[in-house]
Amino acid sequence: MKKINIIKDSKDFERIIKNNKSFRTKYFYIYKQNHEENIYHFGLSVGKKIGNAVRRNKVKRQLREIISKNHYQNNFDCIIIVRREINDADFQKIQEDLNFALKKLLLIKEN
């Protein structure tokens, strides 16, 4: 995932979460907001309940890898909040769940 496509500012996180409904899957809460810019942004949030710093960073690396493999529509911001259930999943299950959610939200370009 390129740096230009990352949301880091807490004000942006709060704005997107406060103004939009969540889409819940087994491992994630996903918030999506449309905007006018011709680019997309993703924000990742992995709380301390997931585990120690090593485990949280591993989950973030896995999510960035899954996100970078797809081609996306433009004009949206997306916040992905990880749920505690992710501790019981392997990479394949996480990938299937996230790709299902992104397709359901119509964020992935269809070929």
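Coupling constants for region 14-28 follow from the phi torsions by the Karplus curve (6.51 cos²θ - 1.76 cosθ + 1.60, θ = phi - 60°), and in residue order they are 4, 4, 5, 5, 5, 9, 9, 7, 8, 10, 9, 10, 5, 10, 9 Hz; glycine and proline get x.
Entry note, the chain: the mean residue ellipticity at 222 nm calculated from DSSP H runs of n ≥ 4, each adding -39500 (n - 2.57), is -11500 deg cm²/dmol after division by the residues and rounding to the nearest 500.
So what's region 3-104 giving for Rg/Rh, alpha carbon basis, Kirkwood Rh from the mean inverse pair distance?
Values: Rg = 13.0 Å, Rh = 14.0 Å.
Answer for region 3-104: 0.94.
Summary: within the chain, the longest segment free of trypsin sites (Lys or Arg not before Pro) located in DSSP loops with at most 10 other C-beta atoms within 10 Å is 22-68.
The residue among F28, F42, L105 whose Cα reaches farthest toward the positive pole of the charge dipole of the chain, with charges on the beta-carbon of Lys, Arg, Asp and Glu, is F28.
The count of lysine pairs in region 1-46 whose Cα atoms are under 25 Å apart, excluding pairs fewer than 8 places apart on the same chain, comes to 14. Taking GluC sites (Glu not before Pro) as candidate sites, keep only those in a DSSP loop with at most 15 other Cβ atoms within 10 Å, then name the longest stretch of the chain containing none of them. Result, exposed sites excluded: 38-109. Nearest 10 degrees, 0 to 90: what angle lies between the long axis of helix 91-104 and the longest principal axis of the chain (Cα atoms)? Helix 91-104 sits at roughly 30 degrees to that axis. Working note: Karplus 6.51/-1.76/1.60 with θ = phi - 60° gives region 36-53 the couplings 8, 5, 9, 8, 10, 9, 10, x, 10, 10, 10, x, 5, 6, 6, x, 6, 4 Hz, where Gly and Pro are set to x.
Rounded to the nearest 5, the antiparallel percentage of DSSP beta bridges internal to the chain is 60%.
With K and R counted +1 and D and E -1, the other residues having a Cβ less than 13 Å from that of Q62 yield a net charge of +4.
No value in this document is a laboratory result; all are computed from the given coordinates. This is a predicted model, so every value here is computed, not measured. Cβ atoms come from the backbone with ideal geometry, glycine included; neighbour counts cover every protein chain shown.
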